[in-house]
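The values are calculated or read from the model by the stated rules, or taken from the named source; none is laboratory data. These numbers were taken from a predicted model, which means no experiment stands behind them. No Cβ is skipped: glycine too gets one built from the backbone with ideal geometry, and neighbour counts run over all protein chains shown.
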Amino acid sequence: MSQEAVTPAHFIRKIVTQDVESKHTGKVITRFPPEPNGFLHIGHAKSICLNFGLAEEFGGDCHLRFDDTNPAKEEQAYVESIKADVEWLGFKWAGSVRYASDYFDTLYDYALHLIDNGNAYVCELSADEAREYRGTLKEPGKNSPYRDRSPEENRQLFEKMRAGEFEDGAAVLRAKIDMAAPNINLRDPILYRVRRLNHHQTGDTWCIYPTYDFTHGQSDAIEGVTHSLCTLEFEDHRPLYEWLIEHLPVPAQPRQYEFARLNLNYTVTSKRKLKQLVDDGHVEGWDDPRMPTISGMRRRGYTPLSLRNFCERIGVTRSEGVVDMSMLEHAVREDLDATAPRAMCVLNPIRVVLENYPENDVQTLSLPRHPKDESMGQREVTMSRELYIDRNDFEVEPPPKWKRLFLNGEVRLRGSYVIHCHDVVKDEAGNVVELRCTYDENTLGKNPEGRKVKGVIHWVSAADSVEAEVRLYDRLFQEENPAAQEDFTASLNLESLTVLRGARAEASLRRANVGDRFQFEREGYFAVDSSSSDDRVVFNRTVSLRDSWQKVKGKG
RNA sequence: UGGGGUGUCGCCAAGCGGCAAGGCAGCAGGUUUUGAUCCUGCCAUUCGCAGGUUCGAAUCCUGCCACCCCAGCCA
C-alpha cells in the first residue's frame, strides 16, 4: 500500500466507525435538517458534506429534512433553493424530501403523552412573565403558577390550544422538568406555542406549532436517525433532547453529536446577516457571486468538487476557528486547473498594429485547450495585423524584472509570434492608445536565434474577437471578522465588484454557454454568468491565478 | 464555584505516555511559449500558563488564564 496522506478520521467518523463495529447492527442514518428561512451558505456545505458523506461512506442513508416549525420565517422558495443546492453539490437524499411538519400529528400525540404522564402542562404566563419566572444565568427560576394543573385539565387546555381558542401568545405547552436547573434549557422549556399562521406545507391545518426542541429529536427518532449531527451551540440542548426521547414512546434512540461551525475570514456565515445584505441591497441577491452562499459560489464558478474537497480538508472538530479564505481559493484553483479549458481574453485592451504583417492576411492558429490534457483537444484562434493586448502588459519604461512588452522591447504572443514594439501612439492627454509593432515571422512555434525572449503575453485578434463583459470580484468585507464589528455592514468593501465592459475575448468564446468555466490564460478562472445573452457574454471571475509578479512588484 | 465548551506553527488540523503528521499561507530554488501549473528544499527543541507524577508528558494530575455558547413563545 502507498504511504499517501490519508485524511485522518475526525472524531465523528471515529464514533460512527466504532458504533458500526459494535452496538449498531443496522445502517447508519444521518440527516441534513435546514430551516427553509434563507439560502444555504458555505457553512451548510460543511454540514451537508459531513452528513451525506458519512452516510455514503458507511453505506447508510442521509435524509433531507426541512426543520419547518416556524411558519413566521419560512418560505417555499427557500425549500426549492435548498434542494437545488444539495443536488448541485452532488448528494442524493434517501427517499423523498422530508419535513418536520410531516410529523405534526405524531408530535401532537407525543405532547398528549407527556401531559397524561404529568410531564407537561399548559402555561398561561405572558412572554414577559415567563422570562421573569425563568430566572437568570446565575439565579434559579421559579415555578409557574400553572405548573400543577392536573393531566386532565392540561389535556383539555391543550386541545383548546389546538382548536384555536387561545390568542397567539396566550398559552404554551411546557415540559415539566426543573425550574432550578443550572441548564436553562431544562427550566420547563416551551414545547408548543400558538401561531395563527399559514404554513408553507400544512396550510391552515394548525394554529399551534411545536418548537425546535420538541421537534428535532423526535423527528430524528421517527426517521431512525442514528447520528444526529449539529453545531456546538446546540450542546446545551442535548440534555433536553435526551430527556424527551426518554419520556416519549419513540421508535428509536438517536444520539446527538456537536461539531464546530465553519467560519471564514472576510465574510459572514450567518443566515440573518446574509439576508440583511440581500434585503438592504448591499448585494444583488442571495446568489450574488460575492455571497458565500452555495448559489452565489455556484454562479461565481466554484465547482461542487472544490467545495467538497475544501470541506474535507478543513476537518471536523469541536474547536471553533476561522478558516482562511486562501484555503477555499486553493480548492477551486486546484480543480479548475485540471478541468477548465484555456482561452485568451484581454480584460483592458490596447490596440497593437503589426506594421510588417500583410494587410488582409489572416492566419488560423491551433492551440491546445489544456496544456496537460490533450484529450480536451484544440481550439482555433485568429492571427492578424491588428490585435489587442492588455494595457497591464505594456510599459514605456519597464520596471526592474519586467518580462512583458515595453517600448523597444519584445515579447512572445502566447501560441503565436514574437513581436517588437518600436513606437507608441498617444492621445492629446498623453495616454498611450496604440502600439506600433513588428512581428518576427520566424518565431512561430520556435524561439528566435541568438536572443532570448523572456515574456509571454495573451492577446486576441482585433477583428476576430468578441466584446465581453467581465466582472471581477474582491472580498465582500474589508474587515477580517466583520461579524465582530458593531455594525458588520460598516466594513463592506465598496469595491468588491469591478465591471469591465470592453473586454475582448477570443472568438471561440462566442459560443460559450451559461455556467461554462474557462481559464483565461495569465488572468484567472472565469465562468459564464446567467445574465449573458446571445449578443453579450458576461464572465464572472471565480478566482485569479496566483500572481507572483505582484510580489516581485511589491518588493520594488 | 450558574451551566456547557475550547485552547498544538500566521490559518486549518493530526497526535491520546515514548521523543511534534499533513494541508493552506510564506520563503528559497528548478522546469515552463500561462510571472500559472508542476517539482525540490526551508518553515513549532515545542504543544494557553504554572506546578506535580514519571526514566520519559502535547498526551496523566492539580491550580490558574484566555476565548466561545446559553436567560426567543428562533433554529
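Are any of the residues in region A:122-137 buried (at least 21 other Cβ atoms within 10 Å of the Cβ) and either among the acidic types (D, E) or in the same structural domain as A:L186 (by TED's automatic domain parsing) (or both)? Yes, region A:122-137 has at least one match. Among residues of region A:191-200 being crowded, with 17+ Cβ neighbours inside 10 Å and without any contact (Cβ under 8 Å) to a residue 60 or more places away in the chain, the one that is nearest to RNA strand B (Cβ to nearest atom) is A:R193. Whenever a residue of region A:334-355 is of a type in the set (S, T, N, Q), its partners that are outside any loop (DSSP other than H, G, I, E, B) and surrounded by fewer than 20 Cβ atoms within 10 Å (Cβ to Cβ), lying with C-beta atoms within less than 6 angstrom and at least six residues away or across chains, give the pairs A:N348/A:R391. Residue-level analysis places A:Y108 among those that are under 39 Å from the mean Cα position of the chain (by Cα) and on the phi < 0 side of the Ramachandran plot.
In this structure, does A:R451 turn out to be at pLDDT below 95, surrounded by fewer than 17 Cβ atoms within 10 Å (Cβ to Cβ) and under 24 Å from A:W549 (Cα atoms)? Here the answer is yes, as A:R451 does meet what is asked.
Residues in region A:68-111 that are surrounded by 14 or more Cβ atoms within 10 Å (Cβ to Cβ) and among the acidic types (D, E): 5 in all. The strands (runs of 3 or more DSSP E) located wholly in region A:359-404 that include 3 or more residues which are touching a Gly at 6+ places or on another chain (Cβ under 9 Å) occupy A:363-368. Looking across A:E480, A:E486, A:E469, A:E449, one residue alone is touching a residue at least 40 places away in the same chain (Cβ under 8 Å), within 16 Å of RNA strand B (Cβ to nearest atom) and either part of a loop (DSSP other than H, G, I, E, B) or among the charged types (D, E, K, R) (or both). It is A:E480. What do you reckon, is A:S150 more than 11 Å from RNA strand B (Cβ to nearest atom), farther than 29 Å from A:P33 by Cβ and not aliphatic (A, V, I, L, M)? Considered against the rule, which asks whether it is more than 11 Å from RNA strand B (Cβ to nearest atom), farther than 29 Å from A:P33 by Cβ and not aliphatic (A, V, I, L, M), A:S150 comes out as yes. Please find, within region A:115-133, the residue that is farthest from RNA strand B (Cβ to nearest atom) out of those that are farther than 25 Å from A:H199 by Cα and assigned to a helix (DSSP H, G or I). Restricting to residues being farther than 25 Å from A:H199 by Cα and assigned to a helix (DSSP H, G or I), the top hit is A:D116.
Okay, residues lined up against (1) under 25 Å from A:H10 (Cα atoms); (2) in contact (Cβ under 8 Å) with a residue 40 or more places away in the chain; (3) buried (at least 17 other Cβ atoms within 10 Å of the Cβ); (4) in contact with a strand residue (DSSP E or B) (Cβ under 9 Å, 6 or more places away or on another chain):
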| position | (1), (2), (3), (4) |
| --- | --- |
| A:L262 | yes, yes, yes, yes |
| A:Y266 | no, yes, yes, yes |
| A:K271 | no, yes, yes, yes |
| A:D288 | no, no, yes, yes |
| A:P292 | yes, yes, yes, yes |
| A:G301 | no, yes, yes, yes |
| A:R308 | yes, yes, yes, no |
| A:E312 | yes, yes, no, no |
| A:V322 | yes, yes, no, yes |
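When you scan region A:165-176, do you find a residue that is under 33 Å from the mean Cα position of the chain (by Cα) and in contact (Cβ under 8 Å) with a residue 12 or more places away in the chain, even just one? No, because not a single residue in region A:165-176 is under 33 Å from the mean Cα position of the chain (by Cα) and in contact (Cβ under 8 Å) with a residue 12 or more places away in the chain. Of all the numbered requirements in (1) within 16 Å of RNA strand B (Cβ to nearest atom); (2) exposed (fewer than 13 other Cβ atoms within 10 Å of the Cβ); (3) within 44 Å of the chain's Cα centre (by Cα); (4) not hydroxyl-bearing (S, T, Y), A:W459 misses one, and that requirement is (2).
Return the only residue of A:S101, A:S96, A:S126, A:S144 being over 41 Å from the mean Cα position of the chain (by Cα) and among the small types (G, A, S). Answer to the selection: A:S144.
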